[in-house]
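The values are calculated or read from the model by the stated rules, or taken from the named source; none is laboratory data. Everything quoted here is computed from the prediction, not taken from an experiment. Don't worry about glycine lacking a Cβ; one is built from the backbone with ideal geometry, like all the others, and counts go over all protein chains shown.
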Amino acid sequence: MKFLEKIDFHKIAIMPVIRWQFKLALIFIALLTVIVIIFQTQIVVQDIIEKETNLIKSYSKILESLEDPNFENIEFSLLLNDQILPNISFPMILTDDKNEPLFPFQSNIRNIEIDSTKSLPDQREFLKAKIVDMAQTYEPIVIKDHNGKILSKIYYNNSDLVTALQLYPFLAVIGVIVLLTIGYIIFSSVRRNEESKVWVGMSKEAAHQLGTPLSSLLAWMEILRLNIDEPRAISETLSEMDNDVNRMKTIANRFSKIGSKPELENEHIFYVIDAACNYVEKRLPHLGRKVEIIRDFPKEKVVVEMNVDLFTWVMENLIKNAAESIEDENGRIRVSMRVTGKKVVIFVKDNGKGMTNKIKKQIFVPGFTTKKRGWGLGLSLSKRIIEDYHQGKIWVEDTFPGKGTTFVIEIPVITSS
């Protein structure tokens, strides 16, 4: 089953889903980021505006109090000079009741740069233009005497900090769009590179797997030519050629079913599992150790709905993994089966090296492997075949370092007799 260990079938099967999930995740994160930025920025902006408004109102009240000849204004003068004016960080212009800037200009404005080299009329026009702009943002605060007569007005606007914060969400949106664009470009580049690697790997492995029976067929054809006059030899050779053709068909069927929904048919599960055991058993000598496969199946006929090619693939993968985990010369793999209610439960138990809890938790994760060779997709793909295609379950029931491992498969039963 080297074909399954090296080829990243799982990535090909789920690649369209991953692409859409990745794009949706990027969009969701971007929208969430923008919403959070706007929400938080608005809270900060409103808080600053409220503080600035309260400050300008306090300033106006002090000015009104200072205009009252009957009011003791020493403390208010100190408050104005020590706490109010130093904290005004926003543009402000003090005018008379007719909206004309009060003279001297420098004493009645805050946080506005005025060109002192220009004439007084030019300075006045400059300030009047500022007053018009300020009036579009906030209504002026009117200062009256104790008789209700308008003495002056305070025009003001947002501070530079508030203006910057109000622009920040727009800059954040632009930044998010740029990040999304960069992320999409990077993802597309990685995806194209990954697809290229996967398809190259699949092509090589497909050629390798198909090459074995093809080479055998060429050899059988040569034998046919050499034994053209011997009917018995021809019959045996044709039988072997038929086996190789069937093997090629099996490889092609497995290859074509990756990423598509396979057709399921009612099958006697005993024969399917036994065939998988036989296939691996004939190839165990290549592992350089003695491994016995023990079969323990019930006598009754158990029919399940399955895809034979893919289910055999899973069984071969589990049995082969079990054989490779055995370090003892006298290894044993017990493949057993029992029917429980409307489920058939299959056990693949070995006396191999076992695994730790940490490895057990990751054993079905795509890409995880403890082998020096392989892509770590055999078990993750097996899980997908059992759970997604056969509506079953697969898990590690029992394992411990040095004590072996037991894999369990559970799938629905159609009939049992």
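Considering the range 252-270, the residues that are among the charged types (D, E, K, R) and surrounded by fewer than 17 Cβ atoms within 10 Å (Cβ to Cβ) include one that is modelled with the lowest pLDDT, namely 261. Within the range 316-361, restricting attention to residues that are assigned to a helix (DSSP H, G or I) and among the polar types (S, T, N, Q), the residue that is surrounded by the fewest Cβ atoms within 10 Å (Cβ to Cβ) is 357. Looking across the range 384-409, the residues that are buried (at least 19 other Cβ atoms within 10 Å of the Cβ), modelled with pLDDT of 90 or more and not aromatic (Phe, Trp, Tyr) come down to 386, 390, 392, 394, 404, 405, 409. Cβ-Cβ contacts under 6 Å between residues 6 or more apart (or on different chains), taken from a first residue in the range 395-417 that is farther than 16 Å from residue 268 by Cβ and part of a strand (DSSP E or B) to a second residue that is at pLDDT below 90 and hydroxyl-bearing (Ser, Thr, Tyr), are listed as 405/399. Of all residue pairs spaced 6 or more apart or on separate chains, those with beta-carbon atoms under 8 Å, a first member in the range 255-267 that is part of a helix (DSSP H, G or I) and a second member that is hydrophobic (A, V, I, L, M, F, W, C) and modelled with pLDDT of 65 or more are 257/310. Restricting 147, 157 to residues that are touching a helix residue (DSSP H, G or I) at 6+ places or on another chain (Cβ under 6 Å) and of a type in the set (S, T, N, Q) narrows the list to 157. Every test in (1) modelled with pLDDT under 90; (2) under 16 Å from residue 271 (Cα atoms); (3) not acidic (Asp, Glu) is passed by residue 358 save one, and that test is (2). Do the conditions hold for residue 157, that is, is it modelled with pLDDT of 85 or more and touching a Pro at 6+ places or on another chain (Cβ under 6 Å)? Yes: the conditions hold for residue 157.
Cβ-Cβ distances below 7 Å connect the following pairs, each with a first residue in the range 310-338 that is among the aromatic types (Phe, Trp, Tyr), a second residue that is part of a helix (DSSP H, G or I) and at pLDDT 90 or above, and a separation of six or more residues or different chains: 311/272.
Residue-by-condition table, conditions (1) assigned to a strand (DSSP E or B); (2) surrounded by fewer than 12 Cβ atoms within 10 Å (Cβ to Cβ); (3) out of contact with any Asp or Glu (no Cβ under 8 Å at 6 or more places or on another chain); (4) of a type in the set (Ser, Thr, Tyr):
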| residue | (1), (2), (3), (4) |
| --- | --- |
| 123 | no, no, no, no |
| 129 | no, yes, yes, no |
| 135 | no, no, yes, no |
| 148 | no, yes, yes, no |
| 151 | yes, no, no, no |
| 163 | no, no, yes, yes |
| 167 | no, yes, yes, no |
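Taking residues in the range 130-153 that are within 22 Å of residue 62 (Cα to Cα) and acidic (Asp, Glu), and partners anywhere that are exposed (fewer than 13 other Cβ atoms within 10 Å of the Cβ) and modelled with pLDDT under 90, the pairs with Cβ atoms closer than 8 Å and at least 6 places apart or on different chains are 145/68. Only a single criterion out of (1) at pLDDT 90 or above; (2) within 22 Å of residue 48 (Cβ to Cβ) is not satisfied by residue 168, namely (1). Can you find even one residue in the range 282-290 that is at pLDDT 80 or above and surrounded by 15 or more Cβ atoms within 10 Å (Cβ to Cβ)? There is no residue in the range 282-290 that is at pLDDT 80 or above and surrounded by 15 or more Cβ atoms within 10 Å (Cβ to Cβ).
Condition (residue is touching a helix residue (DSSP H, G or I) at 6+ places or on another chain (Cβ under 9 Å) and among the aromatic types (Phe, Trp, Tyr)) applied to the range 365-388: is it met by at least one residue? Among the residues of the range 365-388, at least one is touching a helix residue (DSSP H, G or I) at 6+ places or on another chain (Cβ under 9 Å) and among the aromatic types (Phe, Trp, Tyr), which makes the answer yes.
Listed here are the residues, each with its yes/no results for (1) outside any loop (DSSP other than H, G, I, E, B); (2) over 26 Å from residue 168 (Cβ atoms); (3) at pLDDT 80 or above.
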residue: 24; (1), (2), (3): yes, yes, no
residue: 30; (1), (2), (3): yes, no, no
residue: 47; (1), (2), (3): yes, no, yes
residue: 64; (1), (2), (3): yes, yes, no
residue: 69; (1), (2), (3): no, yes, no
residue: 76; (1), (2), (3): yes, yes, no
residue: 85; (1), (2), (3): yes, yes, no
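Residues that are modelled with pLDDT under 70 and surrounded by 14 or more Cβ atoms within 10 Å (Cβ to Cβ) within the range 218-251 comprise 220, 244, 247, 251, listed in sequence order. If you go through the range 313-335 and keep only what is β-branched (Val, Ile, Thr) and within 32 Å of the chain's Cα centre (by Cα), you end up with just 314.
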